[in-house]
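The values are calculated or read from the model by the stated rules, or taken from the named source; none is laboratory data. Keep in mind the model is a prediction, meaning the values are calculated, not measured. Glycine also receives a Cβ, built like all others from the backbone with ideal geometry; neighbour counts cover every protein chain displayed. To get the accessible areas, we keep the full protein, side chains included, count just its heavy atoms, and leave off ligands, DNA and RNA. Shrake-Rupley method; radii C 1.70, N 1.55, O 1.52, S 1.80 Å.
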Amino acid sequence: MAAEDDGADAAADGADAAVAFGNAKVTADEPTDEQGDERRFEELNKQLYDPVPTDNCLYGKSNFWDGRYMKNEEVFEWYHDYAALHKIISRYIDPEMSILHAGCGNSELCEHMVDDGYEKITNIDFSRVVIDQMKEKYGEGENCSLGEDVIFHQMDFTDMQGEYEDKIYEAVIDKAAMDALYCAELGAKKVKKALDEFDRVLTNNGVYISISYGRPENRLTEFDNDDPEDSGFLSWNVAVHTIPKPTVNPYTVVDMKNLDELYFVYVCTKDQKLAREKDDKREKERMIKLGLYKKKKKGMRPARVNKRSEARKAQDGGML
């Protein structure tokens, strides 16, 4: 695992975006006083850093997001917009790559990536409401204003087996989607399922980029597992980059050593050797489910030779 900084120039970008998940809990039915927002932020911050989030966090439920998007259709960018992220995205993802944007919400990330030359982007979210809104905004198929290879699809990214085949994307991006999933009931288990699905749909030279609020000590347990014998085995190597959080004052100097002032970008690059091992493991699991897998029979052990007995027989034979 490597750690890198991506410059303080990103600190001034996205000042109008969410400070973190705290803002997302504010709805038309809730108080918006500053003290209340701060209280909600602290509570959610605790939940995000807790390995087992409390069950009352609703970010892992599709009906919560359906309700939120129905109440407010205004564009919401988690953490940072594309302007602050394009350097790190372009470092790992080329414009000609096929991209899966997981948990797209109503972010304009896809639109700005298309403006930057990216053409093949599939945007998925498990909220039917927001996907319908995005289709209405941009159109579909040949009528899509972003291009016919830009797709919006309602999908639970923890289970894409019935829709997406293996190795069809060269890149996967999520911006806060995994953070939201950690808040679901059995969040860590669902995160592992999502990571396994991202690993499955990525080509053997693909890359997964996750923009996150979670610190490495709370994310790498699931994200970085190269043990083929472990159930959470993933066929990639992980590098961790840091990006300053947005600041209201563009002249604020961010302390890059203070983790509380940073977001984290987990770049998971597929490893060819690990990918082959993962393919073999996945095929074995598939065969077991179908009842077609048979363990190889061990060969017959040769009879154990008692050297003393053989020597005695030889000696007796010589005496006859």
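Key figures
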quantity: R0 of 30 Å, Cβ-Cβ distance residue 116-residue 63: FRET efficiency to nearest 0.05; calculated: 0.30
quantity: Computed accessible area, residue 70, all protein chains, 1.4 angstrom probe, square angstrom; calculated: 130
quantity: Additional length obtainable on full extension of the chain from residue 237 to residue 159, 0.36 nm per residue less Cα span; calculated: 25.8 nm
quantity: Projected-area average for the stretch 189-277 over all orientations - Cα convex hull basis, square nanometres; calculated: 6.7
quantity: Links that overshoot a 26 Å alpha carbon limit, given the list 87/270; 193/289; 167/281; 135/289; 190/281; calculated: 135/289
quantity: Calculated log₁₀ intensity ratio I(q)/I(0) where the Debye formula runs over C-alpha points of the stretch 166-211, q = 0.16, 0.27, 0.29, 0.32 Å⁻¹; calculated: -0.42, -0.94, -1.00, -1.09
quantity: Cα gyration tensor category, rounded, prolate or oblate, for the stretch 74-187 with a/c compared to 1.5; calculated: rounded
quantity: Inter-probe distance in nm under a simple model that places probes 7 Å from Cα toward Cβ, at residue 140 and residue 70; calculated: 2.0
quantity: Euclidean distance of C-alpha centroids, the stretch 240-263 and the stretch 68-143, integer Å; calculated: 24
